[in-house]
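Here's the structure, in structure tokens; my notes come after.
Bear in mind these aren't lab numbers, they're just calculated from the coordinates by the rules spelled out. This structure is a prediction, so every number in the text was calculated from the model and none was measured. A quick note on method: Cβ atoms are made from the backbone with ideal geometry, for glycine too, and the neighbour counts reach across all protein chains shown.
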Amino acid sequence: MLGRDKICAVTAAKDSHRLERQLGKALRATRTIELRLDWLAGDQEIDRFLGRLARKRRRMTLIATCRRREAAGRYQGSIARELVHLAEALRAGCTWYDLEIETARRSPPELIDALLGDGRQLRSAHFFDRMPRDLRRLAARLLKGGPDRIKIAAHCGSLAEARKLAAFARRQKNLIAIPMGDVALPARILALRDRKSFAYAPVEQATAPGQTSLADLKNLYRADRINAKTQVYGIIGSPISHSLSPVMQNAGFRARRINAIYVPFLVNDLRDFLDSVDAFAIRGFSVTLPHKERILEQLDGCDPLAARIGAVNTVVVREGGKLYGYNTDYVGVLRTLERRIVLRSSRVLILGAGGAARAVAFALAQAGSLVCVWARRESRARALAREVGGEAIRRPRLGGEFFDAIVNATPVGMHPAVRNSPLRADELNCRLVFDTIYRPRLTRLMELAARRRIETVSGVDMFVWQGTAQWEIWMGERAPIDVMRRAAIAALEREENRTKRGAEKDR
């Protein structure tokens, strides 16, 4: 690490006043901070900021960066001006400066030493669209001239590439490795189990792909407390950025003071993730679209009910790396609906025939409901109806049918396509509409139902029940359900408020 902290806050703004405000925010979370001087709008703004910084002199480890466009930064000045700004930053109180390899190889070592000899040099190489072919050769190039530390930040298109970069870094004494990209996001966080590692986290503006914000890294993932004994759990899916599971599951760990972390894995290649389970010491994971059915053939064992449903949303990693699957969506459906309607003998229409729909169908059938299924692919609807002793319904019939409840188990209407609905208003002939989607809490389908004075149920309840059931399977103890529910709802409310403010601003 460059300082004593696991988190290096990244400040980046166009004007010196905003950069100074970001510095103040950063200091509330960490004492190690990168100053992206190249984001400031020109030499005058850089000089203005450094002049004020020199008068502050707080106890902190500051890293000055003034990356030119050639190195994928924003500074448009010359190499000479870049070096002058870095020298001024050292005089203003920065301990370290980041010197990109593009500038280092075009600058005489004597000039660098004369201007920047009082500071500690972090020499860096950035690959925003690929993984470098020869890491050993690249590291050797970076070490020329004797920098104090070197950094390789590279886009990783797979967890395998992120593992390769991390393994190389562990074998090097003075190398900081930063895997970039959305797929590599969990690798960036989990690297903090190594005492030598630290993570860059933007205060406001992301400066590289796949970065986790300072607020999330500090509060959601408690990254500054991660160590070699931290238990690892996660969720796999594609897309995955919308998931609130990390908010809810990490709230449970925090409430019970368990040294564990739950992170999101963007998984397009299931084998790539499964090959990483042992490397990341993952103890269990949630499964969401599109892997709930695909994961079955990769398991070493499965709960009989999950096997009958044909979909798994919860996996436990047992001794020897054996994978055992469960389905807690089933629990979520029952606990949500049984509080609102009498399930026995109720006629319920399920929209969809995928993994979530299968869990809903089996749960309702076992509770004694008459299950009807509609799906865009009629063959899948018929197959699911047959398995639960129900009936497949063709869409033209929906306007003339009545149901005690309609359950949407499709992703239609999920964030960000929030104006979509799987059914029209005139097709909602029922007493209750239950949408398993929880982002947004009020879906277009629910809006249409409310206009017809039909009772509606958000997917939040199911989300909480299935998630707390997962937590209990992994932890072997009662989940702090109220804490986890409040965390999920608070996150949804914050998101809704941001969306509302954004809409008002656009008017």
Directionally averaged shadow of the chain, computed from the convex hull of its alpha-carbon atoms, nm²: 25.7 nm²
Divide, for region 303-406, the radius of gyration over alpha carbons by 2.2 N^0.38 Å, where N is the residue count. 1.15
Which cross-chain or sequence-distant (5 or more) residues have an amide H under 5 Å from the amide H of CYS430, H modelled 1.01 Å from N in plane? PHE403
Of ILE178, VAL371, GLY354, which is farthest on the positive side of the dipole of the chain, counting Cα position, with +1 on Lys and Arg Cβ, -1 on Asp and Glu Cβ, and the Cα centre as origin? ILE178
Which aspartates and glutamates does LYS229 reach when only Cα atoms under 15 Å apart count, and residues fewer than 8 places away in its own chain are ignored? ASP194, ASP278
Under the rule rounded for a/c under 1.5, else prolate if a/b exceeds b/c, else oblate, using alpha carbon gyration tensor axes a ≥ b ≥ c, region 45-127 is classed as prolate
If you wrap a convex hull around the Cα atoms of region 330-463, how much volume per residue is inside, in Å³? 90 Å³
Per the Kirkwood treatment, what hydrodynamic radius in Å, one decimal, follows for region 7-228 from the mean inverse distance over all distinct Cα pairs? 17.5 Å
For region 26-38, Karplus-derived ³J(HN,Hα) couplings (6.51, -1.76, 1.60; θ = phi - 60°; whole Hz; x for glycine and proline) come out as 4, 5, 6, 10, 7, 10, 10, 9, 9, 9, 7, 5, 5
Gained length - GLU496 relative to ASP134, 0.36 nm times residue gap less alpha-carbon distance: 125.7 nm
Per the helix-only model, the chain has a calculated mean residue ellipticity at 222 nm (DSSP H runs of ≥4, -39500 (n - 2.57) each, divided over all residues, rounded to the nearest 500) of -10500 deg cm²/dmol
What is the ratio of the Cα radius of gyration of region 167-316 to 2.2 N^0.38 Å, where N is its residue count, to two decimals? 1.07
With each pseudo-label sitting 7 Å past Cα toward Cβ, what's the ASP269-ASP300 distance in nm, one decimal? 2.4 nm
Which Cα, out of VAL483, HIS242, GLN298, lies furthest along the positive dipole direction of the chain (beta carbon charges, K/R +1, D/E -1)? VAL483
As straight-line cross-link partners of LYS292, the qualifying lysines (C-alpha separation under 26 Å, not fewer than 8 residues apart within one chain) are LYS322
Compute the distance in nm between two label points, each set 7 Å from the Cα along the Cα-to-Cβ direction, one at ARG486 and one at ALA450. 2.5 nm
Inter-site label distance for LYS229 and PHE402 at 7 Å from Cα along Cβ, in nm: 6.3 nm
Figure the gain on full extension for HIS242 and ALA206 (residue separation times 0.36 nm, minus the Cα-Cα span) and round it to one decimal in nm. 11.2 nm
Give me Rg/Rg_expected for region 416-507, where Rg uses Cα atoms only and Rg_expected = 2.2 N^0.38 Å with N residues. 1.29
Counting sequence-distant residues (5 or more places) and residues on other chains, those with an amide H built under 5 Å from that of LYS151 are ARG123, SER124, ALA125, ILE176
Given unit charges at Cβ for Lys, Arg (+) and Asp, Glu (-), the dipole magnitude of the chain about its Cα centre in debye, nearest 20, is 940 debye
FRET efficiency (GLN366, ASN259; Cβ distance; R0 35 Å; to 0.05) is 0.40
Using θ = phi - 60° and the Karplus curve 6.51 cos²θ - 1.76 cosθ + 1.60, what whole-Hz ³J(HN,Hα) does each residue of region 404-418 get, with Gly and Pro shown as x? 5, 8, 10, 10, 8, 10, 10, x, 5, x, 6, 3, x, 7, 6
So which lysines pass the test for LYS56, namely a Cα distance under 22 Å, with those fewer than 8 places away in the same chain ruled out? LYS14, LYS25
If I take R0 = 35 Å and measure r between the Cβ atoms of HIS415 and LEU27 in this structure, what FRET efficiency does the formula 1/(1 + (r/R0)^6) give, to the nearest 0.05? 0.55
To the nearest 10 degrees, how steeply does helix 245-255 sit against the main Cα axis of the chain, on a 0 to 90 scale? 80 degrees
Restricting to the chain, what percent of DSSP beta bridges are antiparallel, rounded to 5? 10 percent
What length, rounded to one decimal in nm, is gained on full extension from LYS173 through to ASP113, with 0.36 nm per residue of separation minus their alpha-carbon distance? 19.3 nm
With a Cα-only, solvent-free Debye model of region 78-177, what are the log10 I(q)/I(0) values at q = 0.11, 0.12, 0.18, 0.22 Å⁻¹? -0.35, -0.42, -0.84, -1.10
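So how do LYS196, LYS322 line up by other beta-carbon neighbours within 10 Å, fewest first?
LYS322, LYS196
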